[in-house]
1. Of all residues in the range 24-60, count the ones that are touching a residue at least 40 places away in the same chain (Cβ under 8 Å) and in contact with a helix residue (DSSP H, G or I) (Cβ under 7 Å, 6 or more places away or on another chain).
2. As an exercise: evaluate residue 258 against (1) under 25 Å from residue 48 (Cα atoms); (2) surrounded by fewer than 22 Cβ atoms within 10 Å (Cβ to Cβ); (3) touching a strand residue (DSSP E or B) at 6+ places or on another chain (Cβ under 9 Å) and give the number of the one condition it does not meet.
3. What tally of residues in the range 42-58 results from selecting those that are surrounded by fewer than 20 Cβ atoms within 10 Å (Cβ to Cβ) and within 23 Å of residue 297 (Cβ to Cβ)?
4. Given the criteria at pLDDT 95 or above, in contact with a helix residue (DSSP H, G or I) (Cβ under 6 Å, 6 or more places away or on another chain) and not assigned by TED's automatic domain parsing to the domain that holds residue 10, does residue 107 qualify?
5. Inspect the range 199-215 for any residue being within 14 Å of residue 252 (Cβ to Cβ), in a helix (DSSP H, G or I) and modelled with pLDDT of 95 or more and give the result as yes or no.
6. Within the set of pairs 6+ apart or on separate chains, which have a first residue in the range 120-145 that is in the same structural domain as residue 163 (by TED's automatic domain parsing), a second that is at pLDDT below 95 and exposed (fewer than 10 other Cβ atoms within 10 Å of the Cβ), and C-beta atoms under 7 Å apart?
7. Could you say whether any residue in the range 280-289 is within 21 Å of the chain's Cα centre (by Cα), on the phi > 0 side of the Ramachandran plot and part of a loop (DSSP other than H, G, I, E, B)?
8. If only one of 247, 271 is in a loop (DSSP other than H, G, I, E, B), surrounded by 15 or more Cβ atoms within 10 Å (Cβ to Cβ) and either in contact (Cβ under 8 Å) with a residue 12 or more places away in the chain or not assigned by TED's automatic domain parsing to the domain that holds residue 209 (or both), which one is it?
């Protein structure tokens, strides 16, 4: 690749940091047209992708100049990896960028549900002041945290909760070694054991056909009645109707959500308003530091590509049959 080949870059969503200033001034920064976002990206050789557009064969057909697509985040489920490879488009993500922000957000929702922050805030806003009239909260210290997924984010949550709150941490992750779990102070267990043992059950798995609605009615029936579910990974991991039924029936205590199925949830969805749910609008990575890391990593991947260096975190390694790099 030659740096001169990069003349246009398109960002699906506005960038919140100064990362784009790394590009030479000669490069045109295209702005997404709400009426036809993909059409406005047609001249681009590089795209900084968000999560709203489904990048499939139809979309790639409309992007004849595209050489590299970088997802500003860890999730890759909105990109058809095989389609990217067929179109000889290098597809990368930025998995290290959102780790801290998402892990801290997980703990924040965990605490908010445990401490009954939502009913307390609603009572105060309504003009009342009756702390003893609120549902009793609970402490995290000494409780059992169950993790479904022990990758970057799950591992950081384990570290914060294990060391900060002296929680016992169990995890199900068939791809994590016993040595890595031991480093994190985590006990590996099968999925049923994690679900039935957890006081706080936190989802940190990718969205795949195998994990679709992993938390369904049968799984909720396995949980402790005083347990809390947290999902800051991907919405399709949790069956929303089964979750609402479990909350309505007192099968579980509460939930903290930052992702939904579908997303965004309908305005009428009870996931937005349920008294036992603390919910945020897929904003766990929206911190000054987190967005800065993600966006700088994405820009660095593009610059590496056009300077002949193989970028990090290529998600479609099959494309390397069609793309050559002069240096590593």
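1. 4
2. All conditions pass for residue 258, except number (2).
3. At the first step, the residues of the range 42-58 found to be surrounded by fewer than 20 Cβ atoms within 10 Å (Cβ to Cβ) are 42-43, 50-54, 56-58.
Next cut, within 23 Å of residue 297 (Cβ to Cβ) only: 50-54.
Selection size over the range 42-58: 5.
4. Working: at pLDDT 95 or above: yes; in contact with a helix residue (DSSP H, G or I) (Cβ under 6 Å, 6 or more places away or on another chain): yes; not assigned by TED's automatic domain parsing to the domain that holds residue 10: yes.
Yes.
5. Scanning the range 199-215, I find no residue that is within 14 Å of residue 252 (Cβ to Cβ), in a helix (DSSP H, G or I) and modelled with pLDDT of 95 or more, so the answer is no.
6. 123/130
7. First pass over the range 280-289, keeping only residues within 21 Å of the chain's Cα centre (by Cα): 280-289.
Pick out the ones that are also on the phi > 0 side of the Ramachandran plot and you get 282.
With the extra rule that they be part of a loop (DSSP other than H, G, I, E, B), the set shrinks to 282.
Within the range 280-289, one or more residues are within 21 Å of the chain's Cα centre (by Cα), on the phi > 0 side of the Ramachandran plot and part of a loop (DSSP other than H, G, I, E, B).
8. Values: 247 fails: in a loop (DSSP other than H, G, I, E, B).
Within the list 247, 271, the selection yields 271.
The values are calculated or read from the model by the stated rules, or taken from the named source; none is laboratory data. Everything numeric here is computed off the predicted structure, so don't read it as measured data. Using ideal geometry, Cβ is built from the backbone for each residue, glycine included, and neighbour counts are taken over all protein chains shown.
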